[in-house]
Each structure stands twice: as structure tokens, then as C-alpha cells.
Amino acid sequence: MGSLYSEYLNPNKVQEHYNYTKETLETQETTSRQVASAFIVILCCAIVVENLLVLIAVARNSKFHSAMYLFLGNLAASDLLAGVAFVANTLLSGSVTLRLTPVQWFAREGSAFITLSASVFSLLAIAIERHVAIAKVKLYGSDKSCRMLLLIGASWLISLVLGGLPILGWNCLGHLEACSTVLPLYAKHYVLCVVTVFSVILLAIVVLYIRIYCVVRSSHADVAGPQTLALLKTVTIVLGVFIVCWLPAFSILLLDYACPVHSCPILYKAHYFFAFATLNSLLNPVIYTWRSRDLRREVLRPLQCWRPGVGVQGRRRDGTPGHHLLPLRSSSSLERGTHMPTSPTFLEGNTVV
């Protein structure tokens, strides 16, 4: 065991593993690879900005401090960190890869696995919350907020453990024949384990949503309101987008486990499949802000403050009132001189989330 960890700082170990899998050619800097890397970095910056706006919106407005929105905020946090991890992964790829020590390589890849795990567990937490709120017709009250926070904390703890297993010892250092082709320092059995865990969780989420739809479509009209259905459609779309974006990457990892080294040339193009998977973190905030009018308004509020020609006090620079700065009040509420109710668009049963 001691000899295993002594290899973690060996500067030649990464190159040895890449030479064995013959992926060294993929580390050469070409014009197309540089363009692709620049595109991924720009894409990840957009991911960080989008999800940061969602987190700010959820944090600053008390009407979003409910179970559903906190779970969506947790998903946004995992997507934001995924954007940061993908940027680091991209900047430390190419020719830089062969200059990394194993511990640096494990940190680079492990961060991506941790954020992916957090996204999967966030989707599971959302599915459980929807099932409790709709199928069981129960709500998260103040007495259950601790349980909700424990669920979020447990998801991150499990993600850290799952993504950190290779650096803790489950790797193929000293056993080249057991190495993955796509991830040359990871053991094939670890890659298979991770994909299996994610697949089982996603299957469980699908089963939960099927049960929810059965309840909604049944005679329980009190839980089948239009706004309940709207939220259910939103989280279902988020799940569908995750599966579509990550299914090619999961398929590549399964093929990696099944193929002997050097026998599947498509494995050397795996970075294209993982680049496609990053779109999931970009699309998630677009989906649930597009589907929720209240959340969309709150997310866009900082951007409206930056619009040229509008002062902070709600007046234009020419001194005329900026009436368009009242997006949170409807025309009817303005006529009555009252504010709109602070309830969000999404409901749990008959109760505001």
C-alpha cells in the first residue's frame, strides 16, 4: 500500500499510462483542438454565470426558500462547480497532461466526477421531494427543513466519496492491464461501478416519476392542478435533458470497460462526447427559469439593473420615470395600488412551495 501512494508524486507515471493506452497522440496541440478547447472554456464561463444568477435569485428572495427551490439551487450549485471543473480540466489537458503527477491527475478528473455525482443525486433528491409532495400529499414544513438539508449534505458527502475513491486507492497504478483507455489512471472496474451507480439512480428517478404521473392522472384532482403539472413537467424535462446529454458519455465508458486496450479507436474521441455532456449544465438553468416566470424575473433582475439609460431610482437619465422597472407587479395590482402575492408560480398540491 505504501508503494502505491509513493507513485502519486512520480512525474513519469502519467506518461507511462498514456503511452500504454496509445492516447499520447491525443495530447498533441492541434489547431482544431485549440479551437475546441477555447469553445469549451467559453461555454463553461456561460455555465458559471447562468447558475450563479440562479443561486443569487434563490438566495435573495425568501419566496424561493422552499424545498423545491432549494433543491433546484443545489442542482445549480453542482452545475456551477461542474463548469469550474470543466474549465480546469480543459486547461490542464493536451500537452499539459503528460506533465502532471498522478495526484494532480486524480484531482483533475475527480473534480469532474464529484460534480457529476452531485448533479445525479440532486436529481434524485428532487424526485423524492416531488414524490413526497404529490404522491404522498405531504409538504416540507419548518420541522422538516433539517431533514431536507441533511439530504442535500448527504448527497454531497456521497459524491465526494464516490469521486475520491481513485485517489484513496481504487486505481490502476502498477496494473496497466486493468486501466481504462479513456481515463488511463482509473481502473476499469471503478469506471463500471460509477456508471452502474448512476444508471441505477436514474432508473429509480424514472420509476418515481412514473408513480407521480399515475397519482396525478388518477382521481386525486386536488393534487393535479395546472401549476403542479407545470412543475412536474419542468423537472421531467430537466431529467430528460440530463439523460440525453450524458447517455453518449456513459455509453463510451461502458464500451471502454468492454474493449481491450487498443481495440476500439472511437475511445480516443471520447472528449467529444464529454464536451457534449457539458451542455447539460448550460441547459438546466435555462429550463427551470424559462418554465418559472417568477424565477425568470428574479434571475433577470441584475441584468435589468445594468441596462443603459436607466438610473438606480427607477428613472431614466433624462428624468422621466422608468415604469418598465416594475416587472413584479401586474397591471391589475397596479390599479388597486397593491403588490402581487409573493407566492411563486410552482405549487405543491394546494399549498405554495
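The values are calculated or read from the model by the stated rules, or taken from the named source; none is laboratory data. Predicted model only: the values in this text are computed from it and were never measured. Methodologically, a virtual Cβ is constructed for each residue, glycine included, from the backbone with ideal geometry; neighbour enumeration extends over all protein chains shown. These area figures cover heavy atoms from the full protein model, side chains too; ligands, DNA and RNA do not enter into them. Shrake-Rupley method; radii C 1.70, N 1.55, O 1.52, S 1.80 Å.
Could you tell me which of the residues A127, A204 is among the hydrophobic types (A, V, I, L, M, F, W, C), modelled with pLDDT under 90 and more than 30 Å from S6 (Cα to Cα)?
A127
Can you tell me which residue in segment 279-295 is surrounded by the fewest Cβ atoms within 10 Å (Cβ to Cβ), limited to those that are modelled with pLDDT under 85 and closer than 11 Å to V235 by Cα?
My answer is R291.
Look at A76 and say whether it is among the small types (G, A, S), modelled with pLDDT of 80 or more and surrounded by 16 or more Cβ atoms within 10 Å (Cβ to Cβ). Please lay out each step first, then the result.
Values: among the small types (G, A, S): yes; modelled with pLDDT of 80 or more: yes; surrounded by 16 or more Cβ atoms within 10 Å (Cβ to Cβ): yes.
So A76 fits the description; yes.
Anything in segment 59-73 that is open to solvent by less than 10 Å² (accessible area, probe 1.4 Å) and in contact with a Gly (Cβ under 9 Å, 6 or more places away or on another chain)? List them, or say none.
Matches in segment 59-73: F64 only.
Within segment 79-101, track down each residue that is in contact with an Asp or Glu (Cβ under 6 Å, 6 or more places away or on another chain) and either buried (at least 16 other Cβ atoms within 10 Å of the Cβ) or not in a helix (DSSP H, G or I) (or both).
First, pick out the residues of segment 79-101 that are in contact with an Asp or Glu (Cβ under 6 Å, 6 or more places away or on another chain): 94-95.
Passing the criteria: only G94.
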